[in-house]
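Right, one structure below, let's go through it.
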Amino acid sequence: MTSTTQTWQQRATAKRDSVNSLIPQEWRISNLPSREEQKDVTGPYIHQYLTKQEVEITETDAVGIAEKTTTGKWKAVDVTKAFCHRAALVHQLTNCLLEIFFASALTRAAEQDEHFSRTGKPIGPLHGLPISLKDQFHIPGVETTMGYVGWIGTHEGVKDSPKHMTAESELVRELQSLGAVLYCKTSVPHTLMSGESNNNIMGYVWNPKNRNLSAGGSSGGEGALVGARGSPLGFGTDIGGSVRIPAAFNGLFGLRPSAGRISYEGMANSMDGQNTILSVVGPLATTSRSLTFITKALLSTQPWLHDPLVTEMPWRDDHAKQMQTLCDNKSLSFGIMPHDGVCDTHPPIKRAMSIITRVLSSLGHETLPWDPTPSHKTLVETGGRAWMYDGGADVHAAFALSGEPPVPQIASVYGSKPEAEYPSSYISETNRMKRAMQKEYLDYWNSTAEKTKTGRPVDAFIMPVAPFAAARPETYHYVGYTSVINVLDYTAVVIPVTVCDARQDGKPAEADYKPKDGLNRMVAGVYDEDVYDGAHVAVQIVMRRFQEEKACVLAEYVEEALRRDREGGGSVKL
């Protein structure tokens, strides 16, 4: 039966089976536990399938790995094989992968070992470092479906295209020139427009820490894989929170840079050409120092020479040192926004916001309420207009290639068929509205200099990533906590703070938690302290545009402060 006569279900099954068949037999889990039998598949659970050496390698962060592979202490082949093995295990437990190319990765790693043996030098600062990528990146020899059945065997839906499995995204070129070893691509929600990752090829991506919950979206495969240490570091994209949401849900550090800092050239996307709100590429990693490490490495390749939309802005050491001095001198000022005025948060989120506020205050830094104008509600509503300019024509055309239906998470946004497109005057109006609101928000930020003890505007503000620690299936209907930052194009970094604790969090007091509308009733209704118990809880720190250096330094400082606070039983000293 040819692809032209196959049903979409048959094509999806064939693709899924072909990917899963690339997992070596000896790496397959013979008796996969149900989600009810084994909620948490991280740590001790997954260790049972790994050697001691594999555990040591895969639980070392990207910086630690590079320190060993670039000096010859660890062989690239051993490191790559360990991560391929662990990635295969994580995939079987969470559905996190869409493409597997372990064999070619091991070949590349062997070539790197030969190069080091012959020259005594690494290929680059990422020599032998395995890196995973969201299935938007084009890698020669590897297919890109972006979760669409109709893209199987094509280049972004175009049959017989010479670009099929030959195209290369600019960031892929940069990573490989630095010595990275690419070995898998991770799952997404088809269309990319959901905070949960689900598609008709690989299915729902589960959170490895708590498989009652979502791994997030749209870079949910990355979140699950890195969260379960099947990758030390990966890249996702973010148009409404798609790096930050999976980072938060999986206890990771994630960086959302401003548009134009990291290359997006040559990548697959939905609604390509919609420029009101640009999607950006950002890393997810197990440590904050890994964000610093990978961002510096990428900028060293001078991406502005290869991508016309990248701003010529090398890594700025003076910015990093300036932030480090402010951290060391305990002279930072933070805006605190526990509630965006639209959607209330679950008890674990409230506790995380309280923890980080207490920790920063105890270190001598200033915290004050963040109450901006325009309201986040207005910003979110304006930004949402951009996602519907074409009435859903782009995504429904992709569905029509195979006849597949949108999964529920996407159908709730785009329906079952396209609607009328908006005129150019509507787009122009939206762009004017966005620009005016960006200016008003900037003026508010500057005005905080009148309230701070430092006499400077606040250095950053802190807010939740989502109203919950992670979404339960088919319940993520409000992404305003993240999408507002895309409208403003600010730099943001996700910081893991704590985990849900049924005993500490309990049920919210009825007097303190009375939902005022349908959205809040829905969010309140999905909270169950026992279901959420053990899930990661994170916040995001937001800075002005193009403040990636300062954000990375600040993330490292806050990570260390939170670690010492946990170890000190709630009493932090730096």
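Values in this text are rule-based calculations from the coordinates and carry no lab data. Bear in mind that the values here come from a model prediction, so they are computed numbers and not experimental data. Note that each Cβ is placed from the backbone with ideal geometry, even for glycine, and that neighbours are counted across all protein chains shown.
Going by a ≥ b ≥ c, the root eigenvalues of the Cα gyration tensor, does the chain fall in the rounded group (a/c under 1.5), the prolate group (a/b larger than b/c) or the oblate group? Rounded, since a/c falls under 1.5.
What length, rounded to one decimal in nm, is gained on full extension from residue 443 through to residue 368, with 0.36 nm per residue of separation minus their alpha-carbon distance? Can you show the working numbers first?
On the way: separation 75, 0.36 × 75 = 27.00 nm, distance 1.71 nm.
Contour length minus the Cα-Cα distance gives 25.3 nm.
Which distance in nm do the two modelled labels at residue 400 and residue 381 give, with both placed 7 Å along the Cα-to-Cβ direction? My value for the distance between the label points is 3.2 nm.
A DSSP coil position with no more than 16 other Cβ atoms inside 10 Å describes the following trypsin sites (Lys or Arg not before Pro) in the stretch 432-532: 451, 453, 516.
Of the complete DSSP H runs in the chain, those spanning 15 angstrom or more by Cα along the long axis with a mean Kyte-Doolittle score not below -1.0 are 76-94, 102-119, 288-299, 347-362, 376-386, 548-567.
Where in the chain is the longest stretch that carries no GluC sites (Glu not before Pro) classed as loop by DSSP and with at most 10 other Cβ atoms within 10 Å? Mind showing how you got there, number by number?
Working: sites that count: 36, 37, 312.
Here the longest run is 38-311.
Can you tell me how much longer the chain between residue 324 and residue 121 gets when fully stretched, taken as 0.36 nm per residue apart minus their C-alpha distance, in nm with one decimal? Could the numbers behind the result be given before it?
Working: separation 203, 0.36 × 203 = 73.08 nm, distance 3.18 nm.
Full extension from residue 324 to residue 121 adds 69.9 nm.
Set the Förster radius R0 to 30 Å, insert the Cβ-Cβ distance between residue 477 and residue 432 as r into 1/(1 + (r/R0)^6), and round the FRET efficiency to 0.05. Once the sixth-power term is evaluated, E becomes 0.60.
What 222 nm value per residue comes from the helices of the chain, counting each DSSP H run with n ≥ 4 as -39,500 (n - 2.57) and dividing by all residues, nearest 500 deg cm²/dmol?
On the way: 21 runs with 226 residues, N = 574.
Taken over the chain, the calculation gives -12000 deg cm²/dmol.
What the Cβ-Cβ distance of residue 47 and residue 9 gives, at R0 = 45 Å and to the nearest 0.05, is a FRET efficiency of 0.80. The relative contact order of the stretch 222-375 comes to 19 percent, based on Cα pairs under 8 Å that sit 6 or more residues apart.
Note on residue 56 and residue 451: their simple-model spin labels are 5.2 nm apart, each label 7 Å out from Cα toward Cβ.
The relative contact order of the chain, computed from alpha carbon pairs under 8 Å that lie at least 6 residues apart in sequence, is 16 percent. Here's how it looks for residue 470: its modeled amide H is under 5 Å from none belonging to a residue 5 or more places away or on a different chain. Where both bridge residues fall in the chain, DSSP classifies roughly 70% of the beta bridges as antiparallel.
Using R0 = 22 Å, the C-beta based FRET efficiency linking residue 507 and residue 339 works out to 0.70.
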